[in-house]
Each structure stands twice: as structure tokens, then as C-alpha cells.
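The values are calculated or read from the model by the stated rules, or taken from the named source; none is laboratory data. Predicted model, so just to flag it, every value in this text is computed and none were measured. A quick note on method: Cβ atoms are made from the backbone with ideal geometry, for glycine too, and the neighbour counts reach across all protein chains shown.
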Amino acid sequence: MKRWTLEEIGKLAGVSRSTVSRVINNHPNIRPNVRERVQQVIAETGYQPNSAARSLVSNRSRIIGLFMPSVLRSAFTDPYYPQIIQAISHACNQNDYIVSLFLSQTVEEESKMIQRIVGSGVIDGLIITAEHTDTSFIPTLQAYDIPFVQIGRPHDTTKDDISYIDVDNYAGAHYATSHLIQQGHRRIAQIATIYNTAGVDRDRGYRQALVERGIAVDEELIEVGDFSETSGYEAMQRLLLKKPTAVFVQSDSMAIGALRALHEVNIQVPQDVAIVGFDDLPSASQLSPSLTTIRQPIYRTGTLAVETLIDILNTSKEPVRRIVLPVELVIRSSSMAN
């Protein structure tokens with residue numbers, strides 16, 4: 001296929017090379033008939049603008065980085081991550097951006113990677129998944145004036161200069177626990193995580209729902225996992241000794257592990273122990289029994305992260321964008337005794 005130049009496109013359209021360049025870069029001061037003629041020639045020839053040259057003109061690479069701290073193993077095993085990555089990738093494609101994925105396995109790797117990212121000058125902005133409460137790299141991004149959007153509420157609530165997209169984790173946990181109380185349960189355990197703000201907020205929702213119904217929070221009924229299926233399995237094994245009648249599990253992946261632990265010892269769900277998860281992953285409705293869970297809009301979260309970052313790139317970091325998406329309780333068999 002012939003590789004057309006700006007000069008050739010301009011000759012065919014009867015305009016100068018610089019006019020073609022201004023049309024390609026959406027310069028406002030172009031007469032409509034000229035713009036239409038140039039665009040028609042571009043369409044007829046199949047001309048593809050040189051992305052490197054365009055970035056020099058616009059000072060933009062049209063590359064958005066996706067930084068996922070300390071989740072190298074989880075990124076390939078937890079069904080949440082493929083969904084969020086797919087949403088971000090699709091939204092970038094729709095907006096003519098390229099997404100570049102950055103993964104790290106340790107805090108030390110994170111620090112080195114952030115330095116490489118900010119030093120390269122390759123990306124226009126960054127989307128960060130808030131996987132744990134340690135976000136010590138944020139000041140580095142701010143010092144280099146790198147636009148970024150965080151998925152998940154910042155750990156330090158005193159900071160008011162971070163744009164983020166989150167779901168209502170507190171309300172979701174409150175819905176889940178209240179549902180179990182409405183089913184007559186009083187001895188309600190929790191498989192929690194303490195590694196990020198999602199886990200912190202879900203724990204608050206669980207505790208508040210109990211307190212509102214006059215049920216004392218029993219710390220012995222709270223076990224900690226890391227959102228993985230294995231950690232849910234192991235946490236449920238520990239809880240078995242404490243004989244809860246219901247368990248709120250902070251992620252569907254951990255709930256799947258918890259169900260496996262119960263099945264192994266022939267404990268019936270929900271007759272003996274009711275289970276509620278959080279996420280509504282595709283597998284939740286296919287389990288036996290099907291999983292009652294909190295549906296969070298994972299795909300919408302990823303899409304909004306891209307759209308918000310592009311808005312910041314095209315306008316300004318101010319005002320700070322804070323978007324919290326609603327969640328809903330999806331009732332299935334794992335919490336409803338016949």
C-alpha cells in the first residue's frame with residue numbers, strides 16, 4: 001500500500017501542506033469547505049497520519065498508562081482485573097488513545113517503575129488501580145505534574161487533590177449484612193481485607209449494619225483474606241471452628257473459596273451457613289448454589305476512569321473529579337433458605 005505524504009494530500013486537495021496538518025490536528029481556523037475537501041482526500045487515499053509527527057505538533061503521545069501496583073499474580077487470576085482492563089482498553093480505543101499496562105509485584109518495583117514512567121515522558125496521563133493503602137508514589141506523580149485518575153478512594157481522606165472513580169463499597173457491605181440479618185441471622189461473620197480502601201469501607205458497612213440492628217460486633221468472627229479464592233478458602237476453614245450461621249465475604253473470588261471449604265465438610269449452603277459476596281462476577285450466577293452478591297459496575301468504572309482522565313487532559317485538573325457509582329444487592333440461592 002502506498003504511503004502518502006502531507007505534500008501529496010495537499011496537492012490532491014489543492015491546499016498547502018500546513019493546511020492539511022491543521023485539518024488533521026483539528027485546528028479551529030479552517031474554512032468548512034476546505035476541511036471537508038481535505039478530509040475527503042484523506043478518506044479516499046486511506047492516508048494515515050504519522051503518530052510521532054502528530055505528537056510533536058500537539059505535545060501529546062495519545063498514550064494512557066494503566067498502573068496496577070503489586071498485583072502481578074492477581075492480575076492473571078482474579079476475574080475482576082480482566083474486566084477492568086478490557087473496559088479501559090475499549091474506552092481508550094474509542095477515544096483514539098493507546099493504553100500501556102504497567103504491572104509490579106513489590107513496593108520496591110513500584111517505586112522504580114514510577115520513576116521510569118515519569119522520566120520517560122511517553123504517557124499523557126495515568127490510571128491507577130488502588131490495590132493497597134500504600135500509595136507513597138502519588139507525590140512523585142504530583143511533583144512531575146503527571147495527570148492521573150485513581151480507581152478507588154484515596155487512603156488519605158485529608159487529601160483533596162486526587163481525582164478518583166469509586167463504587168459505594170460502604171453501602172454495598174451494609175446492604176449485604178442487612179440482608180443476612182433480615183433472613184434471621186445474628187451470628188454473621190466476615191471475610192475481609194485490610195489492604196485497600198475498598199476493604200476498609202466494606203468493613204465499615206458490615207459493622208454499621210450490625211450495630212444498627214443491636215448486634216454486637218464479634219471480632220472473633222472476622223477473618224482476613226486478600227481478595228483471592230485461596231485466601232477465602234483458608235479464611236472459611238478458620239471460621240468453621242467459630243460456627244457462624246452466615247458470612248459476608250468482601251469479594252466473589254473469596255466467596256468461591258469459602259463455598260469450596262464448606263462443601264468439603266458437607267456444610268449446606270444456605271441451610272447451615274448463608275453466604276453473600278461482593279462484585280457479581282460472571283461466575284456468580286453459575287455457582288451451585290448461585291451466589292447472592294453485591295453488583296458493582298466494573299466495566300463502567302473502567303470506562304469512566306478513561307473519560308475522566310481525558311477530560312483532565314483536555315481541560316484542567318481543577319475541579320477535582322470524584323465519582324462514586326452506586327451498587328445493588330443481587331439475591332440468589334446462597335442466602336435464601338427454602
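Numbers below:
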quantity: Test: residue in the stretch 296-306 that is in a loop (DSSP other than H, G, I, E, B) and either surrounded by 20 or more Cβ atoms within 10 Å (Cβ to Cβ) or at pLDDT 95 or above (or both); calculated: yes
quantity: Breaking point among (1) modelled with pLDDT of 75 or more; (2) within 28 Å of the chain's Cα centre (by Cα), for L72; calculated: (1)
quantity: Residue satisfying all of: in the stretch 307-338; part of a loop (DSSP other than H, G, I, E, B) and β-branched (V, I, T); farthest from P282 (Cα to Cα) among these; calculated: T315
quantity: Answer residue from the stretch 204-250, given it is within 20 Å of Q271 (Cβ to Cβ) and in contact with a His (Cβ under 7 Å, 6 or more places away or on another chain) and is surrounded by the most Cβ atoms within 10 Å (Cβ to Cβ) among those; calculated: A246
quantity: Which listed residue is of a type in the set (D, E, K, R), touching a strand residue (DSSP E or B) at 6+ places or on another chain (Cβ under 9 Å) and at pLDDT below 80, from E131, E108; calculated: E131
quantity: Hits in the stretch 101-126 (condition: of a type in the set (S, T, N, Q) and surrounded by fewer than 17 Cβ atoms within 10 Å (Cβ to Cβ)); calculated: Q105, T106, S111, Q115, S120
quantity: Candidate set: the stretch 162-191, residues that are of a type in the set (A, V, I, L, M) and surrounded by fewer than 23 Cβ atoms within 10 Å (Cβ to Cβ); chosen: the one modelled with the lowest pLDDT; calculated: I162
quantity: Filter pass, S136 being among the polar types (S, T, N, Q) and at pLDDT 85 or above; calculated: no
quantity: Given (1) crowded, with 16+ Cβ neighbours inside 10 Å; (2) free of Cβ contacts under 8 Å to residues at least 60 places away in the same chain; (3) closer than 18 Å to E229 by Cβ, index of the condition V265 fails; calculated: (1)
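Residues are listed down the side, and each one gets a yes or a no for (1) in a helix (DSSP H, G or I); (2) over 18 Å from S334 (Cβ atoms); (3) in contact with a strand residue (DSSP E or B) (Cβ under 7 Å, 6 or more places away or on another chain):
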| site | (1), (2), (3) |
| --- | --- |
| G172 | yes, no, yes |
| H179 | yes, no, yes |
| H185 | no, no, yes |
| V211 | yes, yes, no |
| G214 | no, yes, no |
| V217 | no, yes, no |
